Amino acid sequence: MALREILKYPHPILRKKAEPVTEFGQALKELIYDMAETMYAAPGVGLAANQIGILQQIVVIDVSPRDDKTKLIPLINPVILAGEGSDVSEEGCLSVVDYAADVKRFTHISIEARDPEGRKIAFEADGWFARDIQHEVDHLDGKLFIDRISSLKRSLYKKKRRKQLKEEQADFDD
Ligand SMILES: [Zn+2]
(Lines give C-alpha, C1' and ligand atoms only; values in the text may rest on other atoms or scores of the structure.)
Protein backbone atom coordinates (compact mmCIF):
# COMPACT_ATOMS: atom_id res chain seq x y z
CA MET A 1 0.00 0.00 0.00
CA ALA A 2 1.14 3.50 -0.64
CA LEU A 3 -0.08 7.00 -0.05
CA ARG A 4 -0.75 8.88 -3.28
CA GLU A 5 -0.51 12.59 -3.82
CA ILE A 6 -3.91 14.33 -3.93
CA LEU A 7 -4.09 16.81 -6.81
CA LYS A 8 -5.37 20.24 -5.88
CA TYR A 9 -7.53 22.71 -7.79
CA PRO A 10 -6.76 24.06 -10.42
CA HIS A 11 -4.85 20.94 -11.55
CA PRO A 12 -6.10 20.18 -15.12
CA ILE A 13 -6.57 16.42 -14.50
CA LEU A 14 -9.40 17.27 -12.08
CA ARG A 15 -11.28 18.60 -15.14
CA LYS A 16 -10.92 15.44 -17.24
CA LYS A 17 -13.51 12.68 -17.54
CA ALA A 18 -12.53 9.27 -16.21
CA GLU A 19 -12.85 6.16 -18.42
CA PRO A 20 -14.76 3.02 -17.41
CA VAL A 21 -12.71 0.24 -15.81
CA THR A 22 -12.53 -2.89 -17.97
CA GLU A 23 -9.96 -5.01 -16.08
CA PHE A 24 -10.93 -6.31 -12.65
CA GLY A 25 -7.66 -7.80 -11.47
CA GLN A 26 -5.02 -7.44 -8.78
CA ALA A 27 -3.86 -4.04 -10.08
CA LEU A 28 -7.34 -2.61 -9.52
CA LYS A 29 -7.44 -3.99 -5.95
CA GLU A 30 -4.05 -2.46 -5.16
CA LEU A 31 -5.19 0.87 -6.54
CA ILE A 32 -8.35 0.72 -4.36
CA TYR A 33 -6.17 0.01 -1.27
CA ASP A 34 -3.98 3.00 -2.10
CA MET A 35 -7.02 5.21 -2.59
CA ALA A 36 -8.51 4.10 0.73
CA GLU A 37 -5.22 4.67 2.56
CA THR A 38 -4.87 8.11 0.97
CA MET A 39 -8.47 9.03 1.87
CA TYR A 40 -8.12 7.93 5.52
CA ALA A 41 -4.76 9.70 5.91
CA ALA A 42 -6.08 13.00 4.54
CA PRO A 43 -8.54 12.51 6.37
CA GLY A 44 -11.56 12.46 4.08
CA VAL A 45 -14.86 10.63 3.55
CA GLY A 46 -14.47 10.00 -0.16
CA LEU A 47 -11.91 10.00 -2.96
CA ALA A 48 -12.17 9.65 -6.74
CA ALA A 49 -9.33 8.28 -8.87
CA ASN A 50 -9.07 11.59 -10.79
CA GLN A 51 -7.89 13.16 -7.53
CA ILE A 52 -4.74 11.03 -7.58
CA GLY A 53 -4.22 11.57 -11.32
CA ILE A 54 -5.81 8.34 -12.56
CA LEU A 55 -8.56 8.75 -15.14
CA GLN A 56 -10.54 5.61 -14.35
CA GLN A 57 -14.05 5.42 -12.93
CA ILE A 58 -13.16 4.37 -9.39
CA VAL A 59 -14.28 5.97 -6.12
CA VAL A 60 -13.88 4.99 -2.48
CA ILE A 61 -16.31 6.21 0.13
CA ASP A 62 -16.55 5.91 3.90
CA VAL A 63 -19.00 8.23 5.60
CA SER A 64 -18.86 6.36 8.92
CA PRO A 65 -17.55 9.46 10.79
CA ARG A 66 -20.95 11.00 10.01
CA ASP A 67 -23.16 7.97 9.64
CA ASP A 68 -22.08 4.79 11.41
CA LYS A 69 -24.17 2.51 9.21
CA THR A 70 -21.48 2.49 6.54
CA LYS A 71 -17.88 1.40 6.06
CA LEU A 72 -15.38 1.47 3.21
CA ILE A 73 -17.24 1.18 -0.07
CA PRO A 74 -15.36 1.01 -3.38
CA LEU A 75 -17.51 1.73 -6.42
CA ILE A 76 -16.28 0.97 -9.93
CA ASN A 77 -18.01 2.56 -12.95
CA PRO A 78 -20.76 4.06 -10.76
CA VAL A 79 -23.85 5.49 -12.45
CA ILE A 80 -26.57 7.44 -10.67
CA LEU A 81 -29.75 6.07 -12.24
CA ALA A 82 -32.24 8.33 -10.49
CA GLY A 83 -32.43 10.95 -7.80
CA GLU A 84 -35.19 12.55 -5.78
CA GLY A 85 -35.67 15.19 -3.13
CA SER A 86 -33.20 18.00 -2.60
CA ASP A 87 -31.17 19.24 0.30
CA VAL A 88 -28.59 21.99 0.76
CA SER A 89 -25.61 21.28 2.99
CA GLU A 90 -21.99 22.30 3.37
CA GLU A 91 -19.41 20.37 1.36
CA GLY A 92 -15.66 20.44 1.13
CA CYS A 93 -13.20 18.53 -1.02
CA LEU A 94 -9.66 17.22 -0.54
CA SER A 95 -8.80 18.84 -3.90
CA VAL A 96 -10.30 22.24 -3.05
CA VAL A 97 -8.02 23.64 -0.37
CA ASP A 98 -9.41 25.57 2.63
CA TYR A 99 -12.92 26.00 1.32
CA ALA A 100 -16.43 24.76 2.04
CA ALA A 101 -19.77 25.90 0.67
CA ASP A 102 -23.43 24.94 0.60
CA VAL A 103 -24.29 22.61 -2.28
CA LYS A 104 -27.71 21.35 -3.38
CA ARG A 105 -27.93 17.59 -3.94
CA PHE A 106 -30.54 14.85 -4.23
CA THR A 107 -31.48 13.40 -0.84
CA HIS A 108 -32.16 9.94 -2.24
CA ILE A 109 -30.45 8.21 -5.18
CA SER A 110 -30.37 4.87 -6.98
CA ILE A 111 -26.93 3.69 -8.02
CA GLU A 112 -25.57 1.00 -10.24
CA ALA A 113 -21.86 0.08 -10.18
CA ARG A 114 -19.38 -2.80 -10.17
CA ASP A 115 -17.63 -4.16 -7.13
CA PRO A 116 -13.83 -4.79 -7.22
CA GLU A 117 -14.50 -8.33 -8.54
CA GLY A 118 -16.44 -6.88 -11.48
CA ARG A 119 -19.87 -8.00 -10.22
CA LYS A 120 -22.78 -5.69 -10.89
CA ILE A 121 -24.27 -4.07 -7.79
CA ALA A 122 -27.29 -1.82 -7.42
CA PHE A 123 -28.49 -0.05 -4.30
CA GLU A 124 -30.19 3.05 -2.91
CA ALA A 125 -28.60 5.72 -0.73
CA ASP A 126 -29.83 8.56 1.46
CA GLY A 127 -28.47 11.51 3.40
CA TRP A 128 -24.69 11.93 3.72
CA PHE A 129 -24.01 8.70 1.92
CA ALA A 130 -26.06 9.87 -1.08
CA ARG A 131 -24.38 13.30 -0.97
CA ASP A 132 -20.92 11.76 -0.88
CA ILE A 133 -21.64 9.48 -3.84
CA GLN A 134 -22.95 12.45 -5.89
CA HIS A 135 -19.81 14.44 -5.03
CA GLU A 136 -17.47 11.58 -6.07
CA VAL A 137 -19.39 10.75 -9.26
CA ASP A 138 -19.05 14.44 -10.20
CA HIS A 139 -15.25 14.04 -9.95
CA LEU A 140 -15.39 11.20 -12.48
CA ASP A 141 -17.12 13.63 -14.86
CA GLY A 142 -14.43 16.27 -14.31
CA LYS A 143 -16.72 18.33 -12.08
CA LEU A 144 -16.03 19.89 -8.69
CA PHE A 145 -18.47 21.07 -6.02
CA ILE A 146 -17.45 24.67 -6.76
CA ASP A 147 -19.17 24.26 -10.15
CA ARG A 148 -22.43 23.92 -8.23
CA ILE A 149 -22.22 27.15 -6.21
CA SER A 150 -23.04 30.70 -7.32
CA SER A 151 -20.64 32.33 -9.79
CA LEU A 152 -19.98 35.07 -7.23
CA LYS A 153 -18.89 32.57 -4.57
CA ARG A 154 -16.85 30.70 -7.15
CA SER A 155 -14.98 33.79 -8.30
CA LEU A 156 -14.23 34.74 -4.68
CA TYR A 157 -12.82 31.27 -4.10
CA LYS A 158 -10.72 31.48 -7.29
CA LYS A 159 -9.32 34.81 -6.15
CA LYS A 160 -8.42 33.37 -2.74
CA ARG A 161 -6.81 30.30 -4.33
CA ARG A 162 -4.80 32.45 -6.78
CA LYS A 163 -3.46 34.49 -3.86
CA GLN A 164 -2.64 31.36 -1.91
CA LEU A 165 -0.72 29.85 -4.85
CA LYS A 166 1.20 33.10 -5.34
CA GLU A 167 2.22 33.08 -1.68
CA GLU A 168 3.32 29.44 -1.91
CA GLN A 169 5.37 30.32 -4.97
CA ALA A 170 6.95 33.23 -3.08
CA ASP A 171 7.88 30.90 -0.20
CA PHE A 172 9.39 28.52 -2.70
CA ASP A 173 11.58 31.25 -4.24
CA ASP A 174 13.07 32.39 -0.90
ZN1 LIG B 1 -13.99 16.01 -3.81
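The values are calculated or read from the model by the stated rules, or taken from the named source; none is laboratory data. What you are looking at is a predicted structure, and each value in this text was computed from that prediction instead of being measured. Using ideal geometry, Cβ is built from the backbone for each residue, glycine included, and neighbour counts are taken over all protein chains shown. Each accessible area value is taken on the protein alone, full model and side chains, heavy atoms only, with ligands, DNA and RNA left out. Shrake-Rupley method; radii C 1.70, N 1.55, O 1.52, S 1.80 Å.
Some values worked out for this structure:
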item: Ser89, sole failed condition from (1) surrounded by fewer than 16 Cβ atoms within 10 Å (Cβ to Cβ); (2) polar (S, T, N, Q); (3) more than 14 Å from His135 (Cα to Cα); (4) in contact with a strand residue (DSSP E or B) (Cβ under 7 Å, 6 or more places away or on another chain); result: (3)
item: Residue match in the stretch 112-120 (condition: open to solvent by 50 Å² or more (accessible area, probe 1.4 Å) and more than 20 Å from Val21 (Cα to Cα)); result: no
item: Selection from the stretch 139-169 of residues that are surrounded by 14 or more Cβ atoms within 10 Å (Cβ to Cβ), free of Cβ contacts under 8 Å to residues at least 12 places away in the same chain and within 16 Å of the ligand (Cβ to nearest atom); result: Lys143, Arg154
item: Every residue from the stretch 121-138 that is modelled with pLDDT of 95 or more, under 24 Å from Arg154 (Cβ atoms) and either among the hydrophobic types (A, V, I, L, M, F, W, C) or open to solvent by 50 Å² or more (accessible area, probe 1.4 Å) (or both); result: Ala130, Ile133, Val137
item: Candidates Leu75, Leu47, Leu94, Leu81 - the one that is over 18 Å from Arg148 (Cβ atoms), open to solvent by 30 Å² or more (accessible area, probe 1.4 Å) and either of a type outside the set (Ser, Thr, Tyr) or more than 16 Å from the ligand (Cβ to nearest atom) (or both); result: Leu81
item: Residue in the stretch 31-43 that is open to solvent by less than 30 Å² (accessible area, probe 1.4 Å), closer than 28 Å to Ser151 by Cβ, among the hydroxyl-bearing types (Ser, Thr, Tyr) and at pLDDT 95 or above present; result: no
item: Within the stretch 88-174, strands (runs of 3 or more DSSP E) holding 2 or more residues that are under 29 Å from Gln26 (Cβ atoms); result: 108-114, 120-126
item: Residue within the stretch 152-165 that is of a type in the set (A, V, I, L, M) and either at pLDDT 95 or above or within 18 Å of the chain's Cα centre (by Cα) (or both) present; result: yes
item: Cβ pairs under 7 Å, 6+ apart, first in the stretch 115-134 and under 14 Å from Ser64 (Cα atoms), second of a type in the set (Asp, Glu) and open to solvent by 20 Å² or more (accessible area, probe 1.4 Å); result: Gly127/Asp67; Trp128/Asp67; Phe129/Asp67
